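The values are calculated or read from the model by the stated rules, or taken from the named source; none is laboratory data. Just so it is clear, the model here is predicted, and its values are computed rather than measured. Counting neighbours? That spans all protein chains shown, and the Cβs are built from the backbone with ideal geometry, glycine included. Note: areas computed on protein heavy atoms with side chains; ligands, DNA, RNA excluded. Shrake-Rupley method; radii C 1.70, N 1.55, O 1.52, S 1.80 Å.
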Amino acid sequence: MATRFIARTSDSQFLQQDFQERLSHWNRDRLSPGFPDEWESQFRDGQAMARLEHAFMEELRAQVRERAASAPTDPDGFIAWFEALKENGPGQNDPLFPWLAEQASRDEVRWFLTQEAAGEAGFDDLVALTQVKLPTSAKLELARNYWDEMGRGNEKGMHGPMLSQLVSILDLSPTIETTVWESLALANAMTAMATQRVYAWHSVGALGVIELTAPWRSAHTAAALKRIGLSQSERRYFDLHAVLDVKHSRDWNELAIKPLVAEDPRRATAIAEGALIRLSCGERCFDRYRAHLGLER
């Protein structure tokens with residue numbers, strides 16, 4: 001049975017609502033376009049927050065370090081280990097998703113998607129930030145992935161606006177303050193890995209494991225949206241990811257992860273840690289969502 005990495009909130013100063021809200025606001029402000037006269041205040045606030053963000057990430061690393069250390073460091077062995085996370089990784093095949101597909105009410109689906117939308121870090125931006133200075137093969141694969149996320153130059157095909165359209169259709173109001181800390185922590189961890197270059201290899205693993213595991217969740221979420229009456233065009237975001245991410249995952253593993261590990265086996269452990277951090281953060285979300293919705297595991 002897969003090891004679970006759920007820490008009690010009382011055990012951590014970081015796995016708390018107040019801290020994750022504060023970190024979310026900081027991430028939103030520092031990554032938004034601004035002006036030079038804002039530099040001093042951003043620099044002053046940023047020093048303290050960057051230290052806290054790093055400590056948060058090191059706590060998450062500590063929770064997955066032992067399992068990540070067991071991952072093979074040869075390219076073929078590592079890819080086999082990585083792809084097995086689809087079945088044995090934290091949070092996989094959670095009963096929340098079949099329940100959403102088959103039983104959840106419209107309001108319950110709306111609550112779930114509100115949490116997911118508020119905690120969305122923006123896959124396209126995360127890929128763009130992660131690819132900086134990567135070796136050629138990985139950089140090219142992330143570029144191809146980014147181009148798909150951007151609708152291959154067609155605004156109507158951009159993935160981010162598709163999700164925003166769904167939020168509008170369902171009349172959702174996602175805000176940081178009304179989002180559970182587990183969802184905020186997932187987005188904050190993804191942002192930290194993409195923006196702090198010491199976690200660049202972690203980010204490759206975290207983004208890659210999203211592509212690996214998203215199709216199953218997306219298919220169930222799309223089924224839930226269909227059942228509550230949304231049209232094919234209205235649920236397109238999840239229908240698309242249920243199919244497209246299968247190819248994305250295959251290419252990411254073969255053209256990004258495998259060459260990176262072949263070039264430097266040390267990267268395997270970092271990539272493994274990033275993948276497990278992402279999955280364990282997701283597992284926390286699913287546990288919290290089920291608790292809120294009154295579901296047993």
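What pairs can you find where one residue is in the stretch 213-239 and without any contact (Cβ under 8 Å) to a residue 40 or more places away in the chain and open to solvent by less than 60 Å² (accessible area, probe 1.4 Å), the other is acidic (Asp, Glu) and not in a loop (DSSP other than H, G, I, E, B), and their Cβ atoms are less than 8 Å apart, with a gap of 6+ or different chains?
Matching pairs, first to second residue: Ala214/Asp245; Pro215/Asp245; Ser218/Asp239; Ser218/Asp245; Ala222/Asp239.
Applying the selection to the stretch 257-272, what residues are under 11 Å from Thr73 (Cβ atoms) and surrounded by fewer than 18 Cβ atoms within 10 Å (Cβ to Cβ)?
The answer is Ala262, Asp264, Pro265, Arg266.
Since Ile176 meets every condition but one in (1) in contact (Cβ under 8 Å) with a residue 40 or more places away in the chain; (2) on the phi > 0 side of the Ramachandran plot, which condition does it not meet?
Tallying (1) in contact (Cβ under 8 Å) with a residue 40 or more places away in the chain; (2) on the phi > 0 side of the Ramachandran plot, Ile176 fails exactly one: (2).
Take the residues in the stretch 110-168 that are at pLDDT below 95 and not in a helix (DSSP H, G or I); name whichever of them is surrounded by the most Cβ atoms within 10 Å (Cβ to Cβ).
Step by step, filter the stretch 110-168, then rank; the result is Gly119.
Do you know which of the residues in the stretch 240-252 that are of a type outside the set (A, V, I, L, M, F, W, C) and surrounded by 19 or more Cβ atoms within 10 Å (Cβ to Cβ) is farthest from Ala206 (Cα to Cα)?
Taking the stretch 240-252 first, the residues of a type outside the set (A, V, I, L, M, F, W, C) are 241, 245, 247-251.
Next cut, surrounded by 19 or more Cβ atoms within 10 Å (Cβ to Cβ) only: 241, 245, 248-249.
Working: His241: 17, Asp245: 14, His248: 14, Ser249: 12 Å.
Looking at the filtered set, the residue picked out is His241.
Within the stretch 188-297, which helices (runs of 4 or more DSSP H) (wholly inside it) include 2 or more residues that are within 17 Å of Val64 (Cα to Cα)? It would help to see each step written out before you state the result.
On the way: elements: 200-227, 236-251, 258-263, 266-293.
Hits in the stretch 188-297: 200-227, 266-293.
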